[in-house]
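I have placed the structure first, in the form of structure tokens, so that the comments after it can refer back to it.
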Amino acid sequence: MNAQVARVGSPFGLHRVVEPAGVLPQQAHRLDPDPEPYADEVVIDVDRLNLDAASYRQLREQHGTGDAVRAAVLGIVAERGKMQNPVTGSGGMLLGTVAAVGPDSPLALEVGDRVATLVSLTLTPLRITDGLADWDGLSEQVPCRGTAVLFGRSIAAVLPNDLPDGIALSVMDVCGAPALTDRVVREAGVGASVLVLGGGGKSGSLSLAAARRAGATRVVALVPTDAEADAVRSAGLADEVVVADARDPLAVHAAIGTPVDVTVVCVDVPGCEHGAIMATADGGTVVFFSMATSFPAAALGAEGLAADVRMLVGNGYVPGHAAFALDLLRAEPGVRALFAARETQ
């Protein structure tokens with residue numbers, strides 16, 4: 001940081017909104033990614049982006065080739081000053097090194113800290129300076145050079161020394177899911193039954209482990225393929241593993257059998273709302289962690305099915321969520337194995 005007096009901005013990042021005026025950064029169409037920090041900001045030299053699963057799937061389905069996906073991401077960031085998929089509305093998070101800390105920053109970070117941001121790229125001012133030259137467009141994790149800005153009300157975690165950066169980033173990207181699963185299953189009481197749609201994925205595998213740790217006595221994983229089913233069985237994370245298309249509510253209902261007390265939705269495709277509702281017992285809870293969720297479809301679907309279920313939006317933040325998820329990864333060999341397998345794909 002230079003010696004001039006640091007500019008004073010809003011802890012919510014309002015000063016970074018270019019257009020439209022009067023909205024929070026997540027709602028904004030365009031942010032100012034200038035790397036000169038305001039008084040309470042932290043500037044990060046970016047090493048890697050982690051696109052959220054729903055956004056990356058949509059980009060691949062729309063653009064096909066790796067080069068076209070790369071060009072699409074570059075175009076979004078150049079236009080918007082942040083990474084926010086215009087179709088899914090979602091972004092992801094990033095990994096990097098703290099380059100500058102404003103004098104009033106409350107984040108307890110220091111220059112040189114290696115950190116993962118725990119707030120969405122949809123509200124993080126971002127510049128890309130290398131044209132994503134080292135990314136082939138074929139994975140959610142994006143090697144990147146550039147800068148990003150954290151506000152006073154942002155969240156970041158210093159990377160652990162005992163885990164590879166890629167695995168740590170993957171865990172922190174979804175750490176809200178297992179933490180909220182833990183809370184909801186404990187509220188349901190000892191002996192609760194839990195279903196995780198997408199149990200073979202990052203958030204899904206952590207949520208399975210969290211459910212069992214919280215006292216669930218029936219833990220069910222639903223996955224789309226036999227290969228994923230074999231992987232989850234080998235990991236030992238579920239009492240039952242079933243194969244069905246989460247977008248087909250009747251197939252989900254048939255595969256699950258007896259409805260569960262808690263359903264956690266961790267899929268990256270749209271159209272899974274009704275199956276989740278049908279799999280959940282009256283008085284139970286559905287937690288939607290997928291950014292592909294249609295909340296009108298969920299609300300109106302529950303009404304149309306006369307389903308007395310509580311539906312929660314997983315907002316990605318629970319106090320202590322990063323430490324909780326990392327502890328699950330360290331303590332559960334099955335979770336670690338699934339994450340390691342994804343790293344090698």
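A Cβ distance below 9 Å, combined with a sequence gap of six or more or placement on separate chains, defines the contacts here; from the range 114-141, residues that are touching a residue at least 12 places away in the same chain (Cβ under 8 Å) and at positive phi reach residues that are among the acidic types (Asp, Glu) and surrounded by fewer than 21 Cβ atoms within 10 Å (Cβ to Cβ) in the pairs 137/67.
Of the set (1) in contact with a helix residue (DSSP H, G or I) (Cβ under 6 Å, 6 or more places away or on another chain); (2) more than 27 Å from residue 51 (Cβ to Cβ), all apply to residue 235 but (2). If you take the residues of the range 200-210 that are touching a strand residue (DSSP E or B) at 6+ places or on another chain (Cβ under 6 Å) and modelled with pLDDT of 95 or more, which of them is farthest from residue 242 (Cα to Cα)? Checked the range 200-210; the qualifying residue farthest from residue 242 (Cα to Cα) is 207. Of the numbered criteria (1) at pLDDT below 95; (2) under 24 Å from residue 171 (Cα atoms), the one residue 65 fails is (2). Scanning the range 311-328 for residues that are at positive phi and either part of a loop (DSSP other than H, G, I, E, B) or not assigned by TED's automatic domain parsing to the domain that holds residue 242 (or both) turns up at least one hit.
Matching residues to (1) under 22 Å from the mean Cα position of the chain (by Cα); (2) charged (D, E, K, R); (3) surrounded by fewer than 23 Cβ atoms within 10 Å (Cβ to Cβ); (4) in the same structural domain as residue 137 (by TED's automatic domain parsing):
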{"site": "47", "(1), (2), (3), (4)": "yes, yes, yes, yes"}
{"site": "51", "(1), (2), (3), (4)": "yes, no, no, yes"}
{"site": "56", "(1), (2), (3), (4)": "yes, no, no, yes"}
{"site": "71", "(1), (2), (3), (4)": "no, no, yes, yes"}
{"site": "88", "(1), (2), (3), (4)": "yes, no, yes, yes"}
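Give me a count of the residues in the range 84-139 that are under 24 Å from residue 72 (Cα atoms) and either charged (D, E, K, R) or part of a strand (DSSP E or B) (or both). Number of matching residues: 13.
The values are calculated or read from the model by the stated rules, or taken from the named source; none is laboratory data. All values reported here derive from a predicted model rather than from experimental measurement. Positions of Cβ are backbone-derived with ideal geometry, glycine not excepted, and every protein chain shown enters the neighbour counts.
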